[in-house]
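Structure first, commentary second.
Please treat every number below as a calculation from the coordinates, not as lab data. Keep in mind the model is a prediction, meaning the values are calculated, not measured. Cβ: placed from backbone, ideal geometry, glycine included. Neighbour counts: every protein chain shown.
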Amino acid sequence: MNPNWEESLNHFERMIDSGTESMRIKAVIKLSKLSNQAPEYIPSQTIPILSNLIADDSSNNSSPLQGLVVHCLKCIARQGDDGRLATEIGQSGALCSILRLLPQSNASVQKICLKCIWCLVNLCNENRLIVAMNGGLEIIVNMLSSSMDGVRRYLLEILSALSLVRVVRRGLVSLGGLRFLVEAARVGNMLSRERACQAIGLLGITRRVRRMLVDLGVIDVLMELLRVGDGALKVVAGNTLGVILANIDYIDLVAQSGAIPLFAELIQGSESVGQEIAEDAFCLLAVGEANAVVIAEHLVRILREGNAESKAAAANVFWDLSGYKHTVPVIRNSGAIPLLVELLSSQSNEVRETVSGAIAQLSYSQADREALNESGAVPLLLDLLHDDSEELKDNAAEAHINFFDDTLQHETISQVVDHPSFRSMQNRLGRIRGASDNQTVSSMRQMNIDQAEPTRVPFHKSFASSYGAVRIRNGVSMGEITNEKKEKKQKTISII
């Protein structure tokens with residue numbers, strides 16, 4: 001027989017209002033047990049009562065009622081799928097009372113309080129701000145500093161949830177709590193570790209904090225998350241590692257930790273955001289020539305074995321790297337050119353567009369033009385001039401212009417000089433050259449990555465949201481034309 005919920009609620013109110021301590025305790029225990037059976041409006045109506053009860057009793061540290069009320073609030077907060085009851089608890093003032101109670105209580109009540117806070121901040125974003133604005137961060141950091149092993153995991157997971165609030169991230173640095181955020185990314189459930197990783201990425205945008213994070217061992221933590229995380233966590237960890245890579249001093253350190261194979265796995269994953277992050281990370285890592293060689297090996301394997309999406313991503317990286325002076329011979333020696341030429345015949349438009357863009361960029365090097373010609377690129381590029389895709393026609397025309405300007409290759413494509421796409425590209429290039437003043441197309445092509453500022457290296461937009469940087473194709477010889485083409489496909493992605 002179902003209970004009469006209205007009658008039960010009235011009885012609870014009477015016991016709390018005029019009952020003895022023992023009667024109150026029994027009423028709260030019964031509510032805790034029945035909270036998952038009652039219709040939602042019943043526990044909702046008890047929240048103000050419980051909130052007042054814990055506020056009135058918070059000065060009495062020895063009362064057994066304290067822990068029971070907090071436990072009851074935790075049970076209520078967990079009901080429902082939308083976190084509405086957790087929100088009501090936060091708005092009732094109970095969360096503030098629990099925070100005041102936390103540092104004054106004995107170990108058993110502290111554990112109950114932390115479990116309740118854990119539920120409240122995980123189920124409701126607004127509760128994180130309530131905790132932050134009422135001294136909660138200082139309490140959590142102080143408790144972590146005391147090495148409380150029995151509740152440490154709850155503390156770390158509460159901290160990771162709080163760290164998504166901007167004011168908390170600022171406070172963590174001043175309170176010396178960064179080491180606990182790194183620890184939170186190392187242990188706990190995967191969602192908590194993902195939140196901590198996300199917060200680390202946001203904090204690491206500033207050079208000073210990035211250095212502090214590296215000193216705290218964050219690279220090893222991020223590498224572990226790239227290895228063992230689920231799809232979403234790997235994306236966040238890769239993005240955060242990209243923030244670390246924005247400092248050129250850490251590029252070799254990240255590469256030596258084994259990041260390149262893991263970013264290669266990300267390129268082959270199902271997450272398009274993860275592929276973009278891996279692309280940009282490779283462009284940063286390739287600042288080191290030894291890294292570029294290893295990256296090229298992985299990309300060649302993906303061009304051979306990957307699906308259409310991963311092949312397109314690999315070609316995108318080659319497109320980027322072909323604008324770096326020191327990586328041009330690396331690409332040629334890797335055996336990538338014959339594979340790129342072969343993929344011009346792919347059934348996937350995305351693959352053909354990215355591959356043709358890479359080939360167009362490679363065609364600025366005489367040695368690469370010879371390799372492209374030997375691999376049969378010219379007739380395939382001629383066919384692309386008649387494709388329906390404007391991007392494919394532009395890329396093909398760009399390559400043809402470079403072949404046409406090469407006295408050794410001039411005769412090979414002389415028949416295309418009257419093609420509209422060829423003429424249009426020549427005119428656009430002429431306008432760009434005329435507008436570039438002292439920065440000629442040639443000098444852009446010769447830019448060495450070692451001369452560029454770290455923020456000029458291509459990287460995912462979320463890697464440098466505070467730098468105001470955008471993802472560019474560094475050293476691309478047809479600057480504005482290539483940026484214009486790439487902007488059509490560019491996405492704005494942020495982990496904030």
Checklist line | Restraint check, Lys74/Lys234; Lys234/Lys393; Lys30/Lys111; Lys325/Lys393; Lys33/Lys234, Cα-Cα greater than 29 Å | finding: Lys74/Lys234; Lys234/Lys393; Lys33/Lys234
Notebook entry, point to check: Which of the peptides 335-342, 169-176 is most tightly packed, and how do the rest follow, going by the mean number of other Cβ atoms within 10 Å of each residue?
Noted result: 335-342, 169-176
Notebook entry, point to check: Distance in nm between label sites at Thr206 and Glu289, each 7 Å beyond Cα in the beta-carbon direction?
Noted result: 3.8
Margin query: I'd like to compare 360-370, 196-206: which one has the highest average count of other Cβ atoms within 10 Å, and what's the full order after that?
Written below: 196-206, 360-370
Check: Which of the trypsin sites (Lys or Arg not before Pro) found in segment 216-319 are loop residues per DSSP with 12 or fewer other Cβ atoms within 10 Å of their Cβ?
Finding: none
Checklist line | Spatial separation of Cα centroids for segment 276-298 and segment 9-28, in angstrom | finding: 67
Note to self: If I take every Cα pair under 8 Å that is 6 or more residues apart in segment 288-374, average their sequence separation and divide by the length, what percent do I get for the relative contact order?
What the structure shows: 32
Notebook entry, point to check: Rounded to the nearest 20 Debye, what is the dipole magnitude of segment 1-134 about its Cα centre when Lys and Arg each give +1 and Asp and Glu each give -1 at the C-beta?
Noted result: 500
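With a Förster radius of 60 Å, plug the Cβ-Cβ distance of Arg227 and Thr20 into 1/(1 + (r/R0)^6) and report the FRET value to the nearest 0.05. Mind dumping the intermediate values first?
Working: r = 58 Å, r/R0 = 0.96.
Given R0 = 60 Å and the Cβ-Cβ separation, E is 0.55.
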Check: If R0 is 45 Å, what FRET efficiency do you get for Asp215 and Ser348 from their C-beta distance, rounded to 0.05?
Finding: 0.50
Notebook entry, point to check: How much length, in nm to one decimal, is gained on full extension between Asn4 and Val187, taken as 0.36 nm per residue of separation minus their Cα-Cα distance?
Noted result: 61.4 nm
Check: What relative contact order, as a whole-number percentage, does segment 1-134 give when Cα pairs under 8 Å and 6 or more residues apart are counted?
Finding: 23
Notebook entry, point to check: Given the Cα-Cα distance of Val173 and Glu370 and 0.36 nm per residue of separation, how much length would full extension add, in nm?
Noted result: 65.4 nm
Check: Could you put Tyr41, Tyr324, Tyr154 in order, starting from the residue whose Cβ has the fewest other Cβ atoms within 10 Å?
Finding: Tyr41, Tyr154, Tyr324
Checklist line | For Ser51, Ser322, Ser345, order by how many other beta-carbon atoms lie within 10 Å, fewest first | finding: Ser345, Ser51, Ser322
